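*Asks:* Below is a structure I'd like to ask you about.
Any read-out appearing in this document is the output of simple, stated calculations on the displayed coordinates, not a laboratory observation. All of these numbers come straight from a predicted model, not from anything done at the bench. FYI the Cβ positions are ideal-geometry reconstructions off the backbone, even for glycines, and counts take in every protein chain you see.
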Amino acid sequence: MMPREKLVKKGAESLSDSELLALFLRTGLPGTGVLELADELLVKFEGLRGLMQANAAELTSCRGVGPAKSAQLSAALEMTRRFLQISMEKGESISDPEITRRFLQLKLRCYTREVFACLFLDNQHRLIKYEELFFGTIDGATVHPREVVKKALEFNAAAVIFAHNHPSGISEPSQADKRITERLRAALTLVEIRVLDHLVVGDAEITSFAERGLL
């Protein structure tokens, strides 16, 4: 079953990374089918994350990807980001964890270094502000509780959700992640701001501290 037919019958979520990419490429090359070409690109860039991080020059240097297809891939990613941003900021309570996860994946998964971000929420758990606060190396980011508290008070937040990425692609929380979460929660408790969750973003999964019973 070809990707377009599979999408119509089973939905976009049923498609593999290669099949999704093949839909954008649309055509292969002489002697190379479109799915084979998609597989080649995913191998070259080590998966979708690497592909979406690639700049126009890197993409167009690959066989089968010209300026038009490169622009189409970039536009698709940006449209998705904007849709999720609107979904997050339309003034409703963050009650759909799937939208929050997709939003954070698009924001954080592409980084090659650790980035620590906060979702600052009002007392009805509506998003006030998303901010990326600390940037580190691939080994970790230095997170300062005082700065997080300062930002939370600045935005008059009643609650926060923490998020950071693991450039390794593995979303399992480290001991350092657990320690800084406890320090942040203790600091925010002093100013009566609730910590709702800490989400660790990997390539394919997001691990929730709240779901793991770590908060």
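*Asks:* What length, rounded to one decimal in nm, is gained on full extension from CYS110 through to SER174, with 0.36 nm per residue of separation minus their alpha-carbon distance?
*Replies:* 21.1 nm
*Asks:* I would also like to ask the following. Output the antiparallel fraction of DSSP beta bridges having both residues in region 94-212, as a percent to the nearest 5.
*Replies:* 70 percent
*Asks:* Rounded to the nearest 5, what % of the DSSP beta bridges within the chain are antiparallel ones?
*Replies:* That works out to approximately 75 percent antiparallel.
*Asks:* Return the sequence-ordered ³J(HN,Hα) values of region 195-207 in whole Hz as given by the Karplus equation 6.51 cos²θ - 1.76 cosθ + 1.60 applied to θ = phi - 60°, using x for Gly and Pro.
*Replies:* Those phi angles translate into 9, 7, 6, 9, 10, 9, 9, x, 5, 10, 10, 10, 9 Hz.
*Asks:* While we're here: Region 108-154 to region 165-208: how many Å between their Cα centroids?
*Replies:* Cα centres, region 108-154 to region 165-208: 10 Å.
*Asks:* Could you give the DSSP H helices of the chain that reach 27 angstrom or more along their long axis (alpha carbon positions) and whose average Kyte-Doolittle hydropathy is no lower than 0.5?
*Replies:* none
*Asks:* Shifting gears a bit: Of the GluC sites (Glu not before Pro) in region 104-213, which ones lie in a loop per DSSP and count no more than 12 other C-beta atoms within 10 Å?
*Replies:* Within region 104-213, the qualifying GluC sites (Glu not before Pro) (loop, at most 12 other Cβ atoms within 10 Å) are GLU192.
*Asks:* Multiply the residue separation of THR80 and ARG146 by 0.36 nm, subtract the distance between their alpha-carbon atoms, and state the gained length in nm to one decimal.
*Replies:* Here the answer is 20.4 nm.
*Asks:* Subtract the Cα-Cα distance of LEU29 and GLU98 from 0.36 nm times their separation in residues, and report this length gain in nm to one decimal.
*Replies:* Length difference between fully extended and current span is 21.1 nm.
*Asks:* Please work out, to two decimal places, the log10 of the ratio I(q)/I(0) at q = 0.12, 0.14 Å⁻¹ from a Debye calculation in which every Cα of the chain carries one identical scatterer.
*Replies:* One equal scatterer on each Cα of the chain leads to -0.71, -0.90.
*Asks:* Would you kindly state the longest site-free stretch of the chain, with sites defined as trypsin sites (Lys or Arg not before Pro) in a DSSP loop (not H, G, I, E, B) surrounded by at most 14 other Cβ atoms within 10 Å?
*Replies:* After excluding every exposed loop site, the longest remaining stretch is 114-215.
*Asks:* Take the alpha carbon gyration tensor of region 148-215, find the square roots of its eigenvalues, order them as a ≥ b ≥ c, and report rounded if a/c is under 1.5; if not, report prolate when a/b exceeds b/c, else oblate.
*Replies:* prolate
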